[in-house]
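Worksheet: the structure to be examined is printed underneath.
The values are calculated or read from the model by the stated rules, or taken from the named source; none is laboratory data. Here the structure is a predicted model, which is why all the values come from computation and not from measurement. Heads up, the Cβs are rebuilt from the backbone with ideal geometry, glycines too, and the neighbour counts pull from every protein chain shown. For the accessible areas, the whole protein counts, side chains as well, though only heavy atoms, and no ligand, DNA or RNA atoms are used. Shrake-Rupley method; radii C 1.70, N 1.55, O 1.52, S 1.80 Å.
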Amino acid sequence: MNLYLAHHGVAVGPDVDARRPLSAAGQAGVERLASQAAARGAKPVVVWHSGKLRAKQTAEAYWRACNALAEFSATRDLQPDDPAQWMRDRLRGETRDILSAGYFTHFPRLLAPLVLGGEAGVEFPINGFVALESEDGGATWRELWRLGARD
């Protein structure tokens, strides 16, 4: 099983739009990384997002570039303050390749227990993307590759 984590692109400030959609530059950056992820073989069968507009827009770009036939939905456990254990536990036993679009505050806290078994010590690329693989039903994970906003 592969898990793809995509930090949302650069959003406009709340003074511009309280819903905080992606800026034009943020949308362009997400589309560029989505194209690169697809070229590297990312093909999720499920695409999840938190339901917030910027995460949904990011998820849509990856969905279009990587697999427009994938299931696409908002899901629980992806809010910035949600405990990482919730998503880690949800992934155990999962067999589908999943892409999750969400928040910078959430992904380092999720990545650390997945790849290190701990709660800290892993950096996540800002507005970036990390590909992981599990060969044992989500019990252990290894990082395959990552893309940063400057890649």
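Structural remarks
- Accessible area per residue, Å², the stretch 52-134 with all protein chains present, probe 1.4 Å: 44 Å²
- To put it simply, the accessible area of the stretch 23-72 at a 1.4 Å probe is 53 percent carbon and sulfur.
- Dipole magnitude of the stretch 16-115, debye to nearest 20 (Cβ charges: Lys/Arg +1, Asp/Glu -1, about Cα centre): 100 debye
- Considering only the chain, percent of DSSP beta bridges that pair antiparallel, nearest 5: 45 percent
- With every protein chain in place, the stretch 88-151: carbon and sulfur % of accessible area (1.4 Å): 49 percent
- Per-residue ³J(HN,Hα) for the stretch 92-100, Karplus 6.51 cos²θ - 1.76 cosθ + 1.60, θ = phi - 60°, Hz, x for Gly and Pro: 5, x, 6, 10, 7, 6, 10, 10, 10
- Amide H contacts of Ala74 (H built 1.01 Å from N, under 5 Å, at least 5 apart or other chain): His49
- Per-residue Karplus couplings for the stretch 21-37, computed as 6.51 cos²θ - 1.76 cosθ + 1.60 with θ equal to phi - 60°, are listed in order as x, 5, 6, 4, 5, x, 5, 5, x, 5, 5, 5, 5, 4, 5, 5, 4 Hz, Gly and Pro entered as x.
- Gyration tensor verdict on the stretch 1-79 (Cα atoms; rounded if a/c is under 1.5, prolate if a/b is larger than b/c, oblate otherwise): oblate
- Near Glu133, once Lys and Arg are set to +1 and Asp and Glu to -1 for all other residues with Cβ below 14 Å from its Cβ, the sum equals 0.
- Heavy-atom SASA rank of Met87, Met1 (probe 1.4 Å, accessible area, largest first): Met1, Met87
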